[in-house]
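Peer 1: Mind looking over this structure? Questions follow.
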Amino acid sequence: MAISTQVSSNEVLKATVESISLTVYSAGAAATLSSCTYRLLDSGGNVEASGLITPVSNVMTISIPATIFTDIENNCRVEWSFTVSSVKYVINSLFDVVSSKIFNCVVDQDLKDKYPHLSKELWSTQTNFSIQIEDAFKAVKTDIKNRGNYGRLLIDSEQIKPLIVHKALYTIFLPRSREQGDLWWNLQALHEKEYSKLFDSTHFVYDADSDAIVDQNRNFASIPVWR
């Protein structure tokens, strides 16, 4: 039976007590978990902690002591081991150790500023666009990371706000399109284009070495962003 998983975070603060959770689904429903364990590894593959996990429903959570990760690191790892319906699974999730985190600065009103009647496009199961906005935020950070940088290096969240808005609107409009060339197709294509153009022209302000001094401005004008 197919399983799917969702991890709560891919960043933890250095020298800080943090937690990471893994939620497990089986055939789209909450999985029944047993024999849950974990290993916590640093970026070099060294095991820093391990142990048993007592799941709460279909969620496994580990606590990371402040003493384990005291420096910035990329691509540390949690190795989750658990059993569902007598089948053992091992899942790895990567995370970065950071000195600061950026947060999503976009809310529904930012989208409605562009489309005042956007609320009419809510799915029946939603009361706001928080799901699409959060997906857009994660996608923007992933695009930045895929081009050799990390969202954690950004000085503030506001500089990526327009990118999140365009990505969120693309995410909202795309599934409503029924055929190429209809209204929704043209709207998603518009925001896909605007996102790509804006990403290429944005001078991201970084603090790469966490010295509280802004680094030289950089952009990605020579690298295509939309795939």
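Peer 1: Could you pull out every one of the lysines with an alpha carbon less than 20 Å from that of K14, ignoring same-chain neighbours closer than 8 positions?
Peer 2: List returned: K101, K141, K145.
Peer 1: Residue by residue, what Karplus-based ³J(HN,Hα) values in Hz, rounded to whole numbers, does segment 102-112 have, using 6.51, -1.76 and 1.60 with θ = phi - 60° and x for Gly and Pro?
Peer 2: 9, 10, 5, 9, 9, 10, 3, 4, 5, 6, 5
Peer 1: Then there's this: Within 10 Å of each candidate Cβ there may be at most 14 other Cβ atoms; applying that plus a DSSP loop requirement, which GluC sites (Glu not before Pro) in segment 135-198 survive?
Peer 2: Values: sites: E158, E179, E192, E194; in loops: E179.
Within segment 135-198, the qualifying GluC sites (Glu not before Pro) (loop, at most 14 other Cβ atoms within 10 Å) are E179.
Peer 1: Could you work out how far helix 183-201 tilts from the main Cα principal axis of the chain, as a 0 to 90 degree angle to the nearest 10?
Peer 2: Helix 183-201 sits roughly 70 degrees off the main axis of the chain.
Peer 1: Now, a different point. Can you compute the FRET efficiency between A30 and A66 using 1/(1 + (r/R0)^6), with r the Cβ-Cβ distance and R0 = 25 Å? Round to the nearest 0.05.
Peer 2: 0.20
Peer 1: Using only Cα atoms, tell me the angle between helix 161-173 and the longest principal axis of the chain; keep it within 0 to 90° and round to the nearest 10.
Peer 2: Approximately 90 degrees, to the nearest 10.
Peer 1: Give the residue from V107, V84, L40 lying farthest towards the positive end of the charge dipole for segment 36-154; charges sit on Cβ (+1 for Lys and Arg, -1 for Asp and Glu) and the dipole is referred to the Cα centre.
Peer 2: Going by the charge dipole, the pick is V84.
Peer 1: Hey, another quick one. Based on the inverse mean of 1/r over its pairs of different Cα atoms, what is the Kirkwood hydrodynamic radius of segment 108-201, in Å?
Peer 2: Working: mean 1/r = 0.0717 Å⁻¹.
Kirkwood hydrodynamic radius for segment 108-201: 14.0 Å.
Peer 1: Also, I was wondering about something else. In whole Å, largest first, what are the principal axis extents of the Cα atoms in the chain?
Peer 2: 51, 46, 28
Peer 1: Right, something else. Determine the relative contact order of the chain: mean sequence separation of Cα pairs under 8 Å and six or more apart, normalised by residue count, in whole percent.
Peer 2: 14
Peer 1: Then there is this: So how far, in whole Å, is the C-alpha centre of segment 180-203 from the one of segment 106-168?
Peer 2: Measuring centre to centre over Cα atoms gives 14 Å.
Peer 1: Efficiency by 1/(1 + (r/R0)^6): what FRET value for Y115 and H203, r their Cβ-Cβ distance, R0 = 30 Å, to the nearest 0.05?
Peer 2: That gives a FRET efficiency of 0.60.
Peer 1: Using θ = phi - 60° and the Karplus form 6.51 cos²θ - 1.76 cosθ + 1.60, what ³J(HN,Hα) does each residue of segment 17-29 get, whole Hz, x for Gly and Pro?
Peer 2: Coupling constants for segment 17-29: 5, 10, 9, 10, 10, 10, 9, 10, 10, 10, 6, x, 10 Hz.
Peer 1: Could you tell me what percent of the DSSP beta bridges with both partners in the chain are antiparallel, to the nearest 5? The partial results should precede the final answer.
Peer 2: Working: 37 of 40 bridges.
Close to 90 percent.
Every read-out reported here was derived from the displayed coordinates using simple, explicitly stated rules and does not represent laboratory data. All of these numbers come straight from a predicted model, not from anything done at the bench. Here the Cβ is made from the backbone with ideal geometry for all residues, glycine too, and neighbour counts use every protein chain on show.
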